[in-house]
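**Student:** Mind having a look at this structure? Questions to follow.
The values are calculated or read from the model by the stated rules, or taken from the named source; none is laboratory data. The model shown is predicted, which means the values in this text are computed figures rather than measured ones. Counting neighbours? That spans all protein chains shown, and the Cβs are built from the backbone with ideal geometry, glycine included.
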Amino acid sequence: MVISNDSDLKEPVRLVRGELNAPVGVLNPHGNRSWALSPKQLPRGSFYKPIRRAALRASQFPTQVPDARGIVHKPTIW
């Protein structure tokens, strides 16, 4: 799985699919879709799926997470 909308990852997806014959899925966490990672541009045997906003929100860590050094705060822009 590749969770990104970054077109720079088109070549690694192609290499994994073509040379390792491994299935590759691209999950897009953004509203817009990169042309390079669109379903028609991905190698055969790969798949593309947008991540729904509700699923993305439900997958976020809480705004504060304790660790061994104290509390880590999630940036407000997330």
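**Student:** Somewhere in region 28-37, is a residue at pLDDT below 90, among the hydrophobic types (A, V, I, L, M, F, W, C) and over 30 Å from Lys74 (Cβ atoms)?
**Tutor:** yes
**Student:** Quick one: which residue in Arg17, Arg44 is among the charged types (D, E, K, R) and closer than 15 Å to Met1 by Cβ?
**Tutor:** Arg17 is the lone residue from the list that is among the charged types (D, E, K, R) and closer than 15 Å to Met1 by Cβ.
**Student:** Where in the chain are there strands (runs of 3 or more DSSP E), lying wholly inside it, with at least 1 residues that are surrounded by 13 or more Cβ atoms within 10 Å (Cβ to Cβ)?
**Tutor:** Counting at least 1 such residues, we get 25-28, 47-50.
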